[in-house]
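The values are calculated or read from the model by the stated rules, or taken from the named source; none is laboratory data. These numbers were taken from a predicted model, which means no experiment stands behind them. With ideal geometry, Cβ positions are generated from the backbone for all residues, glycine too; neighbour counts draw on all protein chains shown.
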Amino acid sequence: MSLQRTLKLLYALVLCVSANEDFDWTKNERGSFYYGTFPTGFSWGAGGSAYQTEGAWDKDGKGMSIWDVFAHKKGKIFLNDTADHSCEGYYKFKDDITLMKDMKFNHYRFSISWPRIFPTGIKADHINEKGMKYYDDLINMLLDNNITPIVTLYHWDLPQVLQEKYGGWQNASMVNYFNDFANLCFERFGDRVKYWITFNNPWSSAVEGYETGEHAPGLKLRGTGAYKAAHHIIKAHAKVWHTYDTQWRSKQKGLVGISLLADWGEPVDITNQRDIEAAERYVQFYMGWFATPIFNGDYPQVMKDYIGRKSAQQGLGTSRLPVFSSQEKSYIKGTCDFLGIGHFTTRYITQKNYPSGRGNNYFTDRDLVELVDPRWPDPGSEWLYSVPWGFRRLLNFVKTQYGNPLIYVTENGVSEKVQRCTDLCDEWRMQYFKDYINEMLKALKDGVNVKGYTAWSLLDKFEWDEGFSERFGLFYVDFLNKNKPRYPKASVQYYKRIISSNGFPNQREVESWRRKATETCSSSNQLLAADPLTSHMEMVTEIVVPTVCTLCILLAAVFLMFLLRGRF
Ligand code: NOJ
């Protein structure tokens, strides 16, 4: 055998081995900071979603979504907040694009509100052209400013009519309704939009919408609701991908993916096989639930085994986890041009048996417990601990499990939990971005195919059941002021530097960024401190002055009447 052939064979062997490579749960490098830059063309941006930012909830012919209705019910949202007005993004998108341009974003991720386009959710009923125009203008203006739109079709705001009439994602008919909606978006926007995300974080829609009821539509169908909703969502995703593939791809040349939220699960004891398996279950029940059918054709084996066994122990004839037919499996497999990853935090995982009984649900089906290290920083949302190394491990897991797909990070960021925070010097957010983006850079060096990063989020906005109490924005939004002014937090300057350097060029430079960013935020703080005064002045001119004038006129009229009465 010639040397060349031997080398070729060896090379093929290495390729084979690496293609079948298993994720090594015991490899646990948590190295120091890595200075270096991203490949040219790496895409930087930020995101938001329709219900969280647009406001204009009942304007210009928009129909109700399940979130409009849910948020209006008392006791569902912290302080009974609603996103009726939120950031008024519907009216202020031009200002927001100016902010993005200044930060030199390559892309912006937003979602289209289904009921803004089809008020009842159903194409045959009515298409709302005013809603279409809003998205047309938004897309055009982004492109005029060289910002690529990354468009999500479903960020949780199902048309209320579809929930009321059919039970929403519990019903298989959603697959066709969603496909009609997506198809219209491809038809009308696809000449300009080249990155489509079918579903954002379907885990939340399924588990929080139909199992725990913390999110709209607020149903508590424990043990079955989430699995059924997810089943229909996966089928809807696949159908939309095929629609694009057969009807639009050759003309429009875009990509269709899905965005999955995935926390990382790390075994408490990496030498303990039961912990390793429990951690793998955690990730499989989270991201694998959706990613495995889409990349490999069926639910993760571990989900089928666990839910099947627990269902049998409950005395059920079939598993609570629905089954895909073999035709469906091949239809669903491979329906992802890129994988969007939303990642915020990590948990330690250990094994715990939940005996099968009446309390069966998604959480007990997993037989595990989630733990956190009390030393992990948790500046904002209760669930959000900053654990940067988990990000690199998650990205490597995706690479080994799903054949090194094209990845866009579609959400990553941190909140602050403050009612009226006037502190724009968000030290912890700069630290979070620095460390998480650095772990993404390390993952890229590990061979993970990441092409873009989306900071979550551009603006402070409505944070679902937490209302406005958790602020994820790079920009602070003053929700008490009717004009919803935006103020840059220090992290805007910091992120801007990461973007302009395309990473972390060298220690000396990177270390100066924090100081420079905090210099600007103290002057913005003064602006913000003056803001209550401005709102106060506005209140004086808009409410107090007209009220006093009306009272004066009334008093004068009464006085005049008395005078005249006395005369005659
Ligand atoms: C994921 C959701 O997609 C997004 O809407 C939300 O703001 C973030 N999680 C933070 O909770």
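Go over the candidates R281, R358 one by one and state the one that is modelled with pLDDT of 95 or more and over 23 Å from H237 (Cα atoms). Full working, then the answer.
Details: R358 fails: modelled with pLDDT of 95 or more.
Answer to the selection: R281.
From E214, E164, grab the single residue that is at pLDDT 95 or above, touching a Lys or Arg at 6+ places or on another chain (Cβ under 9 Å) and closer than 21 Å to D84 by Cα. Walk me through it before giving the result.
Values: E164 fails: touching a Lys or Arg at 6+ places or on another chain (Cβ under 9 Å).
Matching residue, one of E214, E164: E214.
Test each condition in (1) modelled with pLDDT of 95 or more; (2) crowded, with 22+ Cβ neighbours inside 10 Å for L424 and report the one that comes out false.
It fails just one condition, (1).
How about segment 440-457: which of its residues are more than 10 Å from the ligand (Cβ to nearest atom) and either in a strand (DSSP E or B) or of a type in the set (F, W, Y) (or both)?
Keep residues of segment 440-457 that are more than 10 Å from the ligand (Cβ to nearest atom), which gives 440-455.
V450, K451, G452, Y453, T454, A455, listed by residue number.
Just one of D460, D478, D435, D465 is out of contact with any Gly (no Cβ under 9 Å at 6 or more places or on another chain), among the acidic types (D, E), under 25 Å from W383 (Cα atoms) and within 16 Å of the ligand (Cβ to nearest atom); which is it?
Values: D460 fails: out of contact with any Gly (no Cβ under 9 Å at 6 or more places or on another chain); D478 fails: within 16 Å of the ligand (Cβ to nearest atom); D435 fails: within 16 Å of the ligand (Cβ to nearest atom).
After ruling out the rest, the residue left standing is D465.
Conditions tested, residue by residue: (1) farther than 30 Å from Y494 by Cα; (2) over 19 Å from the mean Cα position of the chain (by Cα); (3) assigned to a helix (DSSP H, G or I).
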position: A56; (1), (2), (3): yes, yes, no
position: G61; (1), (2), (3): yes, yes, no
position: A71; (1), (2), (3): yes, no, yes
position: K76; (1), (2), (3): yes, yes, no
position: D84; (1), (2), (3): yes, yes, no
position: K94; (1), (2), (3): no, yes, yes
position: F110; (1), (2), (3): no, no, no
position: I122; (1), (2), (3): yes, yes, no
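Given the structure, is S386 polar (S, T, N, Q), under 16 Å from Y476 (Cβ atoms), touching a Phe, Trp or Tyr at 6+ places or on another chain (Cβ under 6 Å) and within 16 Å of the ligand (Cβ to nearest atom)? Walk me through how you get there before you give the answer.
On the way: polar (S, T, N, Q): yes; under 16 Å from Y476 (Cβ atoms): no; touching a Phe, Trp or Tyr at 6+ places or on another chain (Cβ under 6 Å): yes; within 16 Å of the ligand (Cβ to nearest atom): yes.
Against the criterion (polar (S, T, N, Q), under 16 Å from Y476 (Cβ atoms), touching a Phe, Trp or Tyr at 6+ places or on another chain (Cβ under 6 Å) and within 16 Å of the ligand (Cβ to nearest atom)), S386 does not qualify.
Would you confirm whether any residue within segment 183-202 is more than 16 Å from the ligand (Cβ to nearest atom), buried (at least 23 other Cβ atoms within 10 Å of the Cβ) and free of Cβ contacts under 8 Å to residues at least 60 places away in the same chain?
No: zero hits.
Could you list, ordered by first residue, the pairs with Cβ atoms under 8 Å in which the first is in segment 461-480 and without any contact (Cβ under 8 Å) to a residue 60 or more places away in the chain and the second is more than 12 Å from the ligand (Cβ to nearest atom) and of a type in the set (S, T, Y), at least 6 apart or interchain?
Filtered contacts from segment 461-480: Y476/Y487; D478/Y487; D478/S535.
So in segment 322-355, with the set limited to residues that are within 24 Å of D269 (Cα to Cα) and aromatic (F, W, Y), which one is modelled with the lowest pLDDT?
Result: Y354.
Take the residues in segment 390-416 that are buried (at least 19 other Cβ atoms within 10 Å of the Cβ) and of a type in the set (A, V, I, L, M, F, W, C), then tell me which one is farthest from the ligand (Cβ to nearest atom).
F397
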